[in-house]
Amino acid sequence: MDLITSISARDIVDILIVSYVIYKLILLVRGTRAIQLMKGILVVVITWVISIWFKLSTLQWMMNQTFTFGVLGVIIIFQPELRRALEQLGRGKLFSSRSSSEEDQDVNKRISEVMRAANYLAKRKIGALIVFEKETGLTDYVESGVAIESKISGELLINIFIPNTPLHDGAVIIRQGQLMAAGCYLPLSENPFISKELGTRHRAAIGMSEVSDAMCVIVSEETGQISLTMNGHIVRDIKEESLISKLFEELKPKAKTKEKNPFLKWRGRSNG
């Protein structure tokens, strides 16, 4: 009780500021290799606590040496993330929050460019696989392809999937408003109930939606049909209006639905 009464308003403000800074830093490294490095650092800290708790002098000495030289190592390892954070801080973007209307416009533009490319490819029966990253980081799959890290444009997507070009066989992965990589390898679904009509591209899209919350847009090179996968289910030959609506609903920031699985209402059409 004495501890609670001793906490002042200044302490509360201090805690809130530090919590907000940590939250922003987590957002900065989410979906990058840095998040894996942070997990490694957490393991080292836990090991250090265990060594103190059980009085393991040799292990504690090793951990102390690790911390002594670890600060320099962290600066070197996290150099790209630190530079990006400083750049955003200099631009005033690190702690700024965008309005919902601006975010909606970004999502609309992103979807518009993808749909323009998908319609062009579908009319010419050119196969394509476009992955939208959501909460689950897809960095491992991004690194399996060729880094692009450019703004999303319909022309770029079309050029990537044109047959006989170096990147046309793999998947494109989109993270927020950026086209991260092309020619990416995705995990194939092992679901035995998937229609035999579906090829490798569709199985890869379903597989990706099974291991993450990503959404995948597929253009069939055999039929020219556009399909959508999410939560391990596929909707084949989806209408353009339904596809745009679903993409906006899921990609819009902070958009939540009351259903536990919003894709289940299409389950009856999946694999059909």
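Could you please state how large a percent of the accessible area of region 103-251 is carbon and sulfur, counting protein chains only and using a 1.4 Å probe? List each step's numbers first, then the result.
Working: 3270 of 6840 Å².
Here carbon and sulfur together make up 48 percent of the probe-accessible area.
Can you give me the Cα centroid spacing of region 102-123 and region 135-150 in angstrom?
Comparing the Cα centres of region 102-123 and region 135-150, I get a distance of 20 Å.
Here are some pairs, K39/K246; K109/K134; K39/K109; K151/K196; which of them have Cα atoms lying more than 27 Å apart in this structure? Numbers along the way, then the final one.
Numbers: K39/K246 34 Å; K109/K134 17 Å; K39/K109 35 Å; K151/K196 36 Å.
Correct reply: K39/K246; K39/K109; K151/K196.
Determine, at each q value in 0.22, 0.24, 0.26 (inverse angstroms), the log₁₀ of I(q)/I(0) that the Debye formula gives when each Cα of region 150-214 is one equal point scatterer.
For the requested q values the scattering log ratios are -0.98, -1.07, -1.14.
Using a 1.4 angstrom probe, figure out how much accessible area region 103-251 has per residue, in square angstrom, rounded to the nearest whole.
Roughly 46 Å² per residue, with all protein chains present.
The values are calculated or read from the model by the stated rules, or taken from the named source; none is laboratory data. This one's a predicted model, so the numbers in the text were calculated from it and none came from an experiment. These accessible areas exclude ligands, DNA and RNA; they are computed on the full protein's heavy atoms, side chains included. Shrake-Rupley method; radii C 1.70, N 1.55, O 1.52, S 1.80 Å.
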